[in-house]
Amino acid sequence: MSALQSSAARALPVRPHERALPTTASKPKLKLITAPSTERPIAGVVYLCIALLVCSVLAVLVMNTELADGAYQRSALTKQLSAEVLTTEQLTERLADVSTPENLAVKAERLGMKQMVNPEVLHIDSSKINRDTTSN
């Protein structure tokens, strides 16, 4: 094995040093540059998204409050409408009761009115006044 290693290792030819470049004539001067900004450009987008999220949550809260207020107003108006319908029904029933011919006659007698024995009837077609003789 030692024979294999010794034959595999050969000496490489040594190159003579290439000519060195002149050090003072054409070297470029180094310039200082500023470090890149540590703030990422995506931060503005993140702030915008957060602002939009906050605004949308506030808008939802305001709309929810307005809907709840509208529900309370609707409930109050429904109660008022129910009371008004009840009052209208009571007044309609009372009007129907007062408007019966018997009650109108009693009220007229209280006011001092008397029933006419032979009322006069105006006929619009002939423009004549006739006495009604059928009411005896």
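Laboratory data are not the source of any read-out in this text; all were calculated from the coordinates shown. Model, not experiment: these values are computed from the prediction. A quick note on method: Cβ atoms are made from the backbone with ideal geometry, for glycine too, and the neighbour counts reach across all protein chains shown.
Laid out as a table, the results:
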| quantity | calculated |
| --- | --- |
| Unit charges at the beta carbon, dipole of segment 43-110: most positive-side option, Leu77, Thr65, Cys49 | Cys49 |
| J(HN,Hα) series, segment 118-124, from Karplus relation 6.51 cos²θ - 1.76 cosθ + 1.60, nearest Hz, glycine and proline x | 10, x, 8, 10, 9, 9, 6 |
| Spacing of the two label points (7 Å from each Cα toward its C-beta) at Leu32 and Lys114, in nm | 12.9 nm |
